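Throughout, read-outs are computed from the coordinates displayed, never taken from laboratory work. What you see is a predicted model, and the numbers here were worked out from it, not measured in a lab. Reconstructed Cβ throughout: ideal geometry from the backbone, glycine too, with neighbour counts over all protein chains shown.
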């Protein structure tokens, strides 16, 4: 092994090439569906002005053996011998532009520019593009070059992208100091281009509090000692007798571009106590029409029990919120269980359909012994 006087970090950029020879394509579309025109105003920042010197971090990746550092960073190296990338930063140390030297399939520079709003947020995230140059240096008009690449060069190669004009992701933040995301648009006319239109195709996030109609169950669990002999099936089983009152939980609703929702409820310690994924086209406000997963924690915040959707559905069918109903089949076959010692180390776990797995640690908190159900 050869040691350098300095550390040369590396970033690996991989490419996958799939080749077919003599294969016929079936069910291929006979026409290209062009992108619809964007309803949103296209955002394109101006070129950099007054650029004299910019801070950057350059990373080299040797692709063959070298003895000295000077051999690796030599400007005479070909991209097949040594690859390098340069991360340029603005005056505040924020990423300004990433230049991957000759990293495109045609061995051109691959550029990823960044831009920030007055609050320092990356509202627009521009997708990478292939530059015309091969020097690996900062590009002074990356946004104009990107527009030229995707608007002319790329559309010549891919006619289906004709009319595309939006080459960035768009994030809309709520008007508060919390800077929480309220909308997120994917790149393209059919996504970010729909902002402000009659039908917006975005991922929307709502930040609410739970209501009584949500019917979120309160689960309590004990912390009794285990027997470690496989007879712990009925030890530390959660019980639920009450519902959370209105306003006790943080409720976040994420609605994707197709109108499907994912709802999460968190307690005051930010533990997710219930996650609901929309199943029916018109679900109810509680559990009907949702895939519901409950997470049960002890007083120390350790995750002790996970009650998956099938277990929740079984209790709904039984008409009683009791995990032990039906001879403990729900617990044994559908639930995840975890146990901890006084130092919050996991000492036992059980996954659906399997027996207990016990764990023992030494004084340095290292796992030294594991016993599954077949070893009992």
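Were the residues from residue 56 through residue 89 laid out at 0.36 nm apart, the gain over their Cα-Cα distance would be 11.3 nm. Equivalent-ellipsoid semi-axes for segment 76-115 (Cα gyration tensor, √(5λ), whole Å, largest first): 23, 11, 5. By the compact-protein rule of thumb, 2.2 N^0.38 Å, the alpha-carbon radius of gyration of segment 55-184 corresponds to a ratio of 1.26. When the chain is treated as a Gaussian network with alpha carbon springs shorter than 10 Å, the biggest mean-square fluctuation among 320, 237, 255 belongs to 320.
With neighbour counts taken as other beta-carbon atoms within 10 Å, the residues 315, 375 rank, fewest first, as 375, 315. Report, please, the projected area of segment 203-375 averaged over directions, based on the convex hull of its C-alpha atoms, in nm². Averaging across all directions leaves 11.6 nm² for the Cα convex hull.
Can you tell me the relative contact order of the chain? Whole percent, Cα pairs under 8 Å, sequence separation 6 or more. Dividing the mean separation by the residue count of the chain yields 9 percent. Remark: segment 259-350 projects, on average over all directions, an area of 7.1 nm² (convex hull of Cα atoms).
Seen against the Cα atoms of the chain and their longest principal axis, helix 309-318 is set at about 30 degrees.
Please check which bits of segment 235-274 a label hung off residue 190 would reach, taking the label as a point 7 Å along Cα-to-C-beta and the cut-off as backbone N under 13 Å. Answer for segment 235-274: 258.
Mean-square fluctuations from a GNM of the chain, with a 10 angstrom spring cutoff on Cα atoms, peak among 110, 138, 178 at 178. Computed over the chain with a Gaussian network model linking Cα atoms closer than 10 Å, the most mobile of 97, 81, 64 is 64.
All Cα-Cα separations within segment 328-376 were binned at 10 Å from zero, giving a P(r) of 26, 47, 23, 4, each value a whole percent of the pairs. Roughly speaking, what is the centre-to-centre gap between segment 221-238 and segment 41-66 when only Cα atoms are used, to the nearest Å? Here the answer is 58 Å between Cα centres. For the pair residue 226 and residue 281, a Förster radius of 35 Å applied to the C-beta separation gives a FRET efficiency near 0.20, rounded to the nearest 0.05.
The structure shown yields P(r) over Cα pairs in 20 Å bins from 0, in percent, and of the options (i) 20, 36, 39, 6; (ii) 28, 57, 14, 1; (iii) 26, 54, 19, 1 that calculated value carries the label (i). Relative contact order for segment 83-229: 13 percent, from Cα pairs under 8 Å spaced at least 6 residues apart, divided by residue count. Any idea what diffusion coefficient segment 112-205 gets from Stokes-Einstein, in µm²/s, Kirkwood Rh on alpha carbon pairs, 37 °C, 0.692 mPa s? Taking Rh from Cα pairs, D becomes 223 µm²/s.
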